[in-house]
Amino acid sequence: MAGHRIEIRGTVQGVGFRPWVYRLARRVGVVGRVRNDPGGVTIEAFASEAVLGRFIEELQRDILPAAEIVELRETTIPDEHLAAFVIVSSDADGQKALSIPPDLATCEDCIEELFDRHDRRFGYAFTNCTTCGPRFTIATGIPYDRGATTMSDFVMCAACQGEYDDVEDRRFHAQPNACPECGPALRLDRLDGQAATELDALAGAAELLSRGGVVAVKGLGGFHLACDATDGAAVRRLRERKHRDEKPFAVMVGSLASAQALAEIGAEEEALLTAPERPVVLLRQRQGADLAVDVSPDTSLVGLFLPYTPLHHLLLEAVQRPLVMTSANVSDEPICYQNEEARDRLERIADAILLHNREIAMRCDDSVGRVIAGIPTIMRRSRGFVPRPFYLSRPVARPVLACGAHLKNTFCIAMGDTAYFGPHIGDLETVAALDFFEEAIERMQTILSVRPDVIAHDLHPGYLSTRYANARNDVTRVGVQHHHAHVVSLMAEHGMQGPVLGVAYDGTGFGEDGTSWGGEFLVCCAGRYERLATFRPLRLAGGDLAMREVWRIGYALLHDAYDGAPPSDSVALLGDDVPETSIALVKQMVERGLNAPQARGVGRYFDGFGALALGRARSTYEGQVAIAWDQVANESILDAYPAEIDRTRTPWEVDLRSAVRAAVDDLRAKAPAGDVSARFHNAVVAVTVELLNALWADRGGLPVALTGGVFQNAWLAAGIESQISNKCRVLRHSEVPPGDGGIALGQALIADAILGDKG
Ligand code: ZN
Ligand code: ZN
Ligand code: FE
């Protein structure tokens, strides 16, 4: 007999991979063993060469839906004359490596049981198996087995234990295995003072939802607030109670077919929607779709996702209509995840809570994805992804904790040749968010068995994440420039060491010259960057306030474009609800530079142009006007406003003043906002391509890396990619978010490179 050692890296632990290999080996007639190891799974297989060949072929071909093979290495080993194929248990060989996989969406087999009247798990909301169910969110420690999960209090009944112990069963070693006899149970608590009905918890919740009620639903990584997404009054009520202004709500639909009825779904979108991570997918809403307008006011995009727990499947089946399912929190605080906490915090928001007695150990918000100019892109990497390893093409010399950005915070731990993103924390602006941040770091360090003594953080001295880093006296701290981190994150995603020519367009990031950056052309390696070009700065009167009162940015554009004396009919474009006294005050602030920091972010230009052309003075959430502005663009307009590049400055500066004047002329002539938007977008594309071509010739054809939150704008990404020289390789994001949720990876690699072989 021949012997092969097969080392597999990828998502192969905790997803039922070993029993699956076992069954395959038995079927094709291979003896040997399979075990988890720190990098993945190792198989030692013995059979004739022909049988081994078939075994290895089938290993890769019929892979489990939740598993993914990143790398498969084969070596020849001497025959050991074994009689059978066995699974070596993790405890037996003393391995304590990470084996906690992400939470996995309910599999087809479990869904079938859920709706099968004759099955013992019919209608049971906590059905799961070796290839699906909760993982990260119930894990309390390592190694990942039932005792180290929040299922430890539930003692399996004889039937469940039998499944758990039987290697031929699809619940073999399924740590959260449960049934109605022995597992967690649902409960409905009314918060509206009404007496509980006779109905069971699920039926009661469904009935409330059908009547327009708001129900908090305990999910995998936290509570959602649910209501009927087709009922305008219900959606408005939820919006008011949640203080959620106009930010879009995510909507859960029962099936792909219902999603298709609401939104346009291409092949890539479908793949994203049905992926085992089950992210919320941003889609173009169909005209006349049966959804309340208030679900996503003033955008034609809608975020849809499919059920990913049995509870969701049962609930959607019971109500038979799409449900708003938005993170249960007030404004932007972290998502609720504990029963008591939910009752306190949601008292005034929900009419009832559908909860259960399986504790959530770690909260984890929904992930969000979108197909951007042909590329499926993860915009928020959280539930379903955490704590999946991300493989590095070059290992780090020491473990590093990277704190991430201020807004849309996600941290990252890099060690050896892997990096692990933590869950989505949100905006690090409240004590509650900071607590969650620190708690999640602790948890990730525990499950990874690592205590990094290097911390990478943003350069901004005022950020809570920077203060967190500064308070840690026991570590080496490395400050990392925000846009450098964006570019290096993207390089890492493509396994590149650089140099690359990075284009980092976003709203804001601390610059080394005292201005806020965000229109940056940087030649980057991990250890250093050189800044070649940027955007002309704008004065943001009132600082952060200008991001909500975007008319202030609109005014700054006019002030700059007309040399301090914008004509009154241009100022009138800012709309009627901006008092003249406010404009006079902002004018003074801009002129004197008083509480009016300079900002170069391309996102701020979007805000400012949007304010002018749409007459929209305010954003109720960051980027609202910029997003609306992107949506109105008329795709049939091909010409562009003029834009200059000032090459007398170092770095060069993109100057959009003539674009502002041309837009004002158009608006005076009553051109539709959609035409103005298109010409503005085309101007940004054209000037970016012109700059890239100039820099590219200069820099020996480096790959171009498009990164930063602005590249969620498909028009820009597609436009630049199509117009740039076809000899130029363009890198874009997919697995690592282009926005601030993705920068922690870059921070970690930069800190490691800066420290080099030291320490
Ligand atoms: Zn399953
Ligand atoms: Zn049971
Ligand atoms: Fe950014």
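Summary table
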{"quantity": "Qualifying positions in the range 627-658 - touching a residue at least 60 places away in the same chain (Cβ under 8 Å) and within 26 Å of Ala533 (Cα to Cα)", "calculated": "Ile627, Asp630, Ile645, Asp646, Pro651, Trp652, Glu653, Val654, Asp655, Leu656, Arg657, Ser658"}
{"quantity": "3 or more residues crowded, with 21+ Cβ neighbours inside 10 Å and in the same structural domain as Ile349 (by TED's automatic domain parsing): qualifying helices (runs of 4 or more DSSP H) within the range 165-266", "calculated": "201-210, 232-242"}
{"quantity": "Hits in the range 152-184 (condition: near ligand 2 (Cβ under 9 Å from one of its atoms) and aromatic (Phe, Trp, Tyr))", "calculated": "Phe154"}
{"quantity": "Within the range 297-388, strands (runs of 3 or more DSSP E) holding 1 or more residues that are over 30 Å from Asp630 (Cβ atoms)", "calculated": "352-356"}
{"quantity": "Options Leu314, Leu301; residue that is under 19 Å from the mean Cα position of the chain (by Cα), over 26 Å from Leu434 (Cα atoms), surrounded by fewer than 23 Cβ atoms within 10 Å (Cβ to Cβ) and not hydroxyl-bearing (Ser, Thr, Tyr)", "calculated": "Leu301"}
{"quantity": "Output for the range 543-567, where each listed residue is more than 16 Å from Gly610 (Cα to Cα) and modelled with pLDDT under 95", "calculated": "Gly543, Asp544, Leu545"}
{"quantity": "Residue list for the range 347-363, filter: over 25 Å from Ala440 (Cβ atoms) and surrounded by fewer than 18 Cβ atoms within 10 Å (Cβ to Cβ)", "calculated": "Glu347, Arg348"}
{"quantity": "Complete set of residues in the range 608-639 that are assigned to a loop (DSSP other than H, G, I, E, B), out of contact with any His (no Cβ under 8 Å at 6 or more places or on another chain) and within 15 Å of Trp715 (Cα to Cα)", "calculated": "Asn634, Glu635, Ser636, Ile637, Leu638, Asp639"}
{"quantity": "Qualifying residue in the range 113-121 (condition: surrounded by 18 or more Cβ atoms within 10 Å (Cβ to Cβ), part of a loop (DSSP other than H, G, I, E, B) and away from ligand 1 (no atom under 15 Å from the Cβ))", "calculated": "no"}
{"quantity": "Filter result for Thr130 (at pLDDT below 95 and either more than 16 Å from ligand 1 (Cβ to nearest atom) or surrounded by 21 or more Cβ atoms within 10 Å (Cβ to Cβ) (or both))", "calculated": "yes"}
{"quantity": "Criterion: free of Cβ contacts under 8 Å to residues at least 60 places away in the same chain and out of contact with any Leu (no Cβ under 8 Å at 6 or more places or on another chain) - qualifying residue of Ala263, Ala267", "calculated": "Ala267"}
{"quantity": "Candidates Ala45, Ala66, filtered to the one that is crowded, with 21+ Cβ neighbours inside 10 Å and either within 33 Å of the chain's Cα centre (by Cα) or among the β-branched types (Val, Ile, Thr) (or both)", "calculated": "Ala66"}
{"quantity": "From the options Ala717, Ala663, residue that is hydrophobic (A, V, I, L, M, F, W, C), part of a helix (DSSP H, G or I), more than 16 Å from ligand 3 (Cβ to nearest atom) and out of contact with any His (no Cβ under 7 Å at 6 or more places or on another chain)", "calculated": "Ala663"}
{"quantity": "Residue that is nearest to ligand 2 (Cβ to nearest atom) [pool: residues in the range 137-151 that are out of contact with any Phe, Trp or Tyr (no Cβ under 9 Å at 6 or more places or on another chain) and closer than 17 Å to Ser382 by Cβ]", "calculated": "Ile138"}
{"quantity": "Selection count, the range 483-537, where residues are of a type in the set (Val, Ile, Thr) and either away from ligand 3 (no atom under 13 Å from the Cβ) or in a loop (DSSP other than H, G, I, E, B) (or both)", "calculated": "5"}
{"quantity": "Residue selected from the range 447-459 under the condition at pLDDT below 95 and over 13 Å from Leu401 (Cβ atoms), by the criterion surrounded by the most Cβ atoms within 10 Å (Cβ to Cβ)", "calculated": "Ile447"}
{"quantity": "Members of the range 219-238 found to be of a type outside the set (Gly, Ala, Ser) and touching a Phe, Trp or Tyr at 6+ places or on another chain (Cβ under 8 Å), listed by number", "calculated": "Leu220, Phe223, Val235, Leu238"}
{"quantity": "Condition met for Arg381 (within 16 Å of Gly742 (Cβ to Cβ) and either outside the structural domain of Tyr621 (by TED's automatic domain parsing) or surrounded by fewer than 24 Cβ atoms within 10 Å (Cβ to Cβ) (or both))", "calculated": "yes"}
{"quantity": "From Ala83, Ala50, Ala25, residue being part of a loop (DSSP other than H, G, I, E, B), outside the structural domain of His313 (by TED's automatic domain parsing) and either within 38 Å of the chain's Cα centre (by Cα) or surrounded by fewer than 22 Cβ atoms within 10 Å (Cβ to Cβ) (or both)", "calculated": "Ala83"}
{"quantity": "Positions within the range 422-436 being touching a helix residue (DSSP H, G or I) at 6+ places or on another chain (Cβ under 7 Å) and either within 29 Å of Pro38 (Cβ to Cβ) or assigned to a helix (DSSP H, G or I) (or both), in sequence order", "calculated": "Gly422, Pro423, His424, Ile425, Leu434"}
{"quantity": "Of all residues making up the range 148-167, the number that are within 16 Å of ligand 1 (Cβ to nearest atom), farther than 17 Å from Asn357 by Cα and out of contact with any strand residue (DSSP E or B) (no Cβ under 9 Å at 6 or more places or on another chain)", "calculated": "3"}
{"quantity": "Single match in Thr581, Thr620 (criterion: among the hydroxyl-bearing types (Ser, Thr, Tyr) and under 29 Å from the mean Cα position of the chain (by Cα))", "calculated": "Thr620"}
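The values are calculated or read from the model by the stated rules, or taken from the named source; none is laboratory data. This structure is a prediction, so every number in the text was calculated from the model and none was measured. All Cβ positions, even for glycine, are placed from backbone atoms using ideal geometry, and neighbour counts span all protein chains on display.
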